[in-house]
Each structure stands twice: as structure tokens, then as C-alpha cells.
Amino acid sequence: MYYSVVKPFRGPVLLKILLGSVALISVVVVAGTIALRRYLPPDRLKELVVTQAQKTLGREVRLKDISLGLVGGLSVSGLEVSEKGGFPKGMFASVEAFSLKVAWLPLLRGKVVVDAVEVKGLQAKVVKLKSGTLSVDDLAGGAPAEKTPPAGSSAGGSLPIELSVRTARLSGGRLEYSDEAAGEKWVVSQLSAKADGFSTKDPFAAEFSLKADGGRPGAPVSAKLSFSGKLSLAGLDKEKLSVEIKSLEASALGWEASVSGRAGNALRPEADLTLALKTKGVELLKGGVKAAVNPGPPLSASAELDLRVPGFKAADLPLKGVPAGLVLPPTTVTGRVALVGEDLELKAFAIKAGQGEVELTGKVRKALTKPDPQVRISARLELPPLDSKQLSAFAAVPAGLNLPAVKIRLKASGGLDAADIQELAVHLGASVLSVAGRAQALSSGSPVVNLRVKGGPLALGELGAMHPAGKPF
């Protein structure tokens, strides 16, 4: 065949060789397919697969159709696996259709290249029994224990064989989980995923989405999750694993969150993310977070925050116990925090709004167990004149109260048990009141307070006019 194909062609030698190679490969593929069908017909292949699957899983297996060829690859349809005890007990998992096509030539170079893999209609059901065991425990019972790789070996570091998949698709997936003791049930539906150019070494594009419904009786939850971005497995080197998030969106209970950015290093995770939070179409939060975690021991983590709150009304939020008239102005949250062991360090942590700002520095000892803050605080607050209707959004106040403009300035340091007040100045209109001193034993039943209070000037006429009852004085 090589001679008959090449002889009529009078072009370059390289092209003749290429054509001859294609012809030779075609003969091998056709011959291989014929041999597979002759010595392993579909019925015999189906029998072998079902028998081996039942032996491996210890459960009944049904298969509607299966085919195998060098060109068409592997195709399976109507695969069903029973619950423990057989199909009368129910069906554990099923696949509507599965197909796999492998490129054969790259195998000679130690590289597994899959042209396409597709899974349609994957369904599975897992039950946590009242005894605490799972309905799938028997499937993993015979698995050999994983051996710990010796020191210095590459096991768990990088993959010796490169695997590539040109296209991978999962559609119509559905997973069910129920807890008999808790009466809890979850259904994950509309499960879909795809990857183009999947590789264990090079970055590849990936997408997935799902819908989850369930929860405990009387407390149903419906949620959605979707992802779009790029993954890099880096030969399964855990330190080089990374993900570029084009879009990660989640919604549940009226809340919507979206994330984009980059994360990597499975051993010491690092992330540089942009996030946003909404509810009822109202944007509550947006900004950036840079974070790093070292599992240790000891555990350590750090984060750099640059967040913005656009401003909103409490009435727009699905929260109970918050005054409906409360209005939060546009606010920024910036700073750096670091967790070292159990201690949390605050570095230039600041909350700023148009009417004021708060800056915190210091440390919170045993932040994860028994918080003991030792911080320095500097705060400033300026409020315009307010009447009783406006103030009622914050607290119960007598009708007819009218406050002049208020300015508050605070500088203090300390913790839950003791505090030093360097300055606490309150400007109420034209009146000024300032306080300084120390407070001790604050967490006890008998606190000790030693303060110096200074007033002046005091605009008594203005103070008396704040409420009708004060005008005679």
C-alpha cells in the first residue's frame, strides 16, 4: 500500500514519507479494529465488563451496550450499579452514556492523550444510616492501605506520566445524599463540567456548575455554584498547583457572592482575590484580599484587606433585629492582619467613613480560644444635627429631642480588663466635655475607674434647648 500511494506523487520526499506513514497507520488502525471485533465481539466484551465489575464492586451491575474500537474508542451506555443486596434494594449509581477516545501514538512517548471523554446522565445516591455508616462503605472496604512514600522520593510530588485530554465533558449529573438520623437530605442537580486542553503539566480552561437543594426539615436551602477559569496541576506538584478564577459565583438564602483572582500552593496556600457580596440586588461589599496560610506547626496566616462598602439602608437587608431606619454610609476597611499561633496581630487596621474613622493596632492573644485584646485605638466621629425621629433608628429616645452637631475624638489603649484613656473629647454644639484616666478590673463585678473630667466651655442655652423640658432651666 505504501508503494501504491507514494509512486503517483512527484512532490518533495518529506511529503511522500508523510503520506506513506498515514497510509501505513490507516492499515494498522483498520486491521486492529477488525481484530478487536473478531476476537472480542460486543457480547463477549459486555459479559467480561459486567463480570469483572460485579467481582470488583461486590454489587449487581447492568449494562445496556458497550463497544470498543481503535478509531471509535470505548463507548458505554445504560450502566447501572445496584445498592448492596442487589437491585431489589435500589440503585446506587447509573450512567446514561460514557465515551472515551485515546490517541495511540503518544503512548510510545510515555504520554497519555485522550481525544475526548464524555459522561452523560451520571446519577448516584449515598445514605448515612442511623448506625453512622455510609451505604458506600463496602465499596472502599477492600481497598489496600496507601503506603507512605519514603523520604526523598518523588511520590506525591510530580506525576511521572503526562496525561492530556483535549476535551472532557460532564452533563446532566445528579447526586443525592441523606442522613437518616438527622432527617437531612441534599440533592445536587444540574451538575455539569467541562475542560478543554486538560493537562497534568500545562494550564487548561475549566468550567463547572451545580444546583443544591435540601437541608433539615423546616429549614430548606437552595443554592447555586458556578466556576470559570484556568487550572494548573503542575505535574501534581502540590507547591505549584494554582487556579486562575475568572468567575466563581455562589448564591443562597437571598445572598450572592462572586470571586475572581488567583490562588495556589496546596501546601502553603496563597491567594490574591477580588470579591463582592450582594443581597436583594443591593451591593454590600466589594474589594480585594491578599492572604497566605502556613499550616505549620505552628499555624500562621496573614491577610491584607482593601474593602469598600458602597453604603446601604438596613431596610434593604434580610436581617432581623436591625433598625429599619439605620443607614450605613460608604465605608472602607483597610489594613493587615496576621495570625501567629493563637495570637492575632493588627497592623494599621482602619475603618473609615465620611462621618468618622477608627484605627486599630496591637495584638489579640489567644484569638481562636480565649481572646485577650491588647490594642491601641484612635477614633473620630462627626455627626450632623439629629432629631428624635432620626435617633430612633439607633435607640429609644424621648420625643422632641434635638441634638446639635456632635464631634467625638478618642485615643485609648488596653484590653477587656483594663484601659488607659489618653483622650476622650465630646463636642456637643458649642459645648465641650473631655475625659482622661484609667479603668481597671472591668471584667470583674467591681470595676475601678479613675478619670479626670473637664468641661468647658458649656453653652447652657444651647444644651437647654435640646428638649422642650429643658428650656425653663
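The values are calculated or read from the model by the stated rules, or taken from the named source; none is laboratory data. Owing to the predicted nature of the structure, the values given are computational and were not obtained by experimental measurement. When we count neighbours, we look across all protein chains shown, and the Cβ atoms used for this are built from the backbone with ideal geometry, even at glycine. Protein only, heavy atoms only, side chains kept; ligands, DNA and RNA dropped before computing areas. Shrake-Rupley method; radii C 1.70, N 1.55, O 1.52, S 1.80 Å.
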### Query
Would it be correct to say that LEU299 is open to solvent by 30 Å² or more (accessible area, probe 1.4 Å) and within 18 Å of the chain's Cα centre (by Cα)?
no
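Can you tell me which of LEU416, LEU433 is in a strand (DSSP E or B), on the phi < 0 side of the Ramachandran plot and at pLDDT below 95?
Sole residue among the options that is in a strand (DSSP E or B), on the phi < 0 side of the Ramachandran plot and at pLDDT below 95: LEU433.
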So, first residue under 27 Å from ARG166 (Cα atoms) in the stretch 84-104, second residue open to solvent by less than 60 Å² (accessible area, probe 1.4 Å) and in a loop (DSSP other than H, G, I, E, B), Cβ within less than 6 Å, six or more apart or across chains; the pairs are VAL95/LEU122; GLU96/GLY121
Looking across the stretch 247-277 at residues that are in a strand (DSSP E or B), open to solvent by 80 Å² or more (accessible area, probe 1.4 Å) and closer than 30 Å to GLY218 by Cα, the single one that is modelled with the highest pLDDT is GLU249
Note on the stretch 278-289: residues open to solvent by less than 50 Å² (accessible area, probe 1.4 Å), at pLDDT below 95 and not hydroxyl-bearing (Ser, Thr, Tyr) are VAL282, LEU284, LEU285
Residues in the stretch 439-456 that are open to solvent by 90 Å² or more (accessible area, probe 1.4 Å) and within 22 Å of LYS407 (Cα to Cα) total 3
Here the residues within the stretch 63-74 that are open to solvent by 40 Å² or more (accessible area, probe 1.4 Å) and part of a strand (DSSP E or B) are LYS64, ASP65, SER67, LEU68, LEU74
Check: Given the structure, is ARG166 under 27 Å from VAL127 (Cα atoms) and at pLDDT below 95?
Finding: no
Practice prompt. Would you check if LYS84 is part of a strand (DSSP E or B) and basic (Lys, Arg)?
Written response: no
If we ask which residues in the stretch 212-227 are closer than 24 Å to SER260 by Cβ, crowded, with 16+ Cβ neighbours inside 10 Å and not hydrophobic (A, V, I, L, M, F, W, C), their number turns out to be 1
Subset of the stretch 228-240, residues open to solvent by less than 50 Å² (accessible area, probe 1.4 Å), outside any strand (DSSP E or B) and within 23 Å of LYS194 (Cβ to Cβ), comes to LEU233, ALA234, GLY235
Restricting the stretch 287-308 to residues that are touching a Gly at 6+ places or on another chain (Cβ under 9 Å) and part of a loop (DSSP other than H, G, I, E, B), the one farthest from THR334 (Cα to Cα) turns out to be PRO297
The condition from (1) of a type outside the set (A, V, I, L, M); (2) touching a strand residue (DSSP E or B) at 6+ places or on another chain (Cβ under 8 Å); (3) within 22 Å of PRO329 (Cβ to Cβ) that GLY437 misses is numbered (3)
Checked against (1) closer than 26 Å to ARG169 by Cα; (2) in contact with a Gly (Cβ under 9 Å, 6 or more places away or on another chain); (3) modelled with pLDDT under 85, PRO149 satisfies every condition except (1)
Expected output for the stretch 440-455 (first residue touching a residue at least 12 places away in the same chain (Cβ under 8 Å), partner part of a strand (DSSP E or B) and surrounded by fewer than 10 Cβ atoms within 10 Å (Cβ to Cβ), Cβ below 6 Å, 6+ apart or cross-chain) is none
Within the stretch 368-398, residues out of contact with any helix residue (DSSP H, G or I) (no Cβ under 9 Å at 6 or more places or on another chain) and β-branched (Val, Ile, Thr) come out as THR369, VAL375, ILE377
Residue pairs qualifying under the 7 Å Cβ cut-off, at least six apart or on distinct chains, with the first in the stretch 333-357 being farther than 15 Å from ARG380 by Cα and the second being polar (S, T, N, Q) and open to solvent by 60 Å² or more (accessible area, probe 1.4 Å), are GLU342/THR369
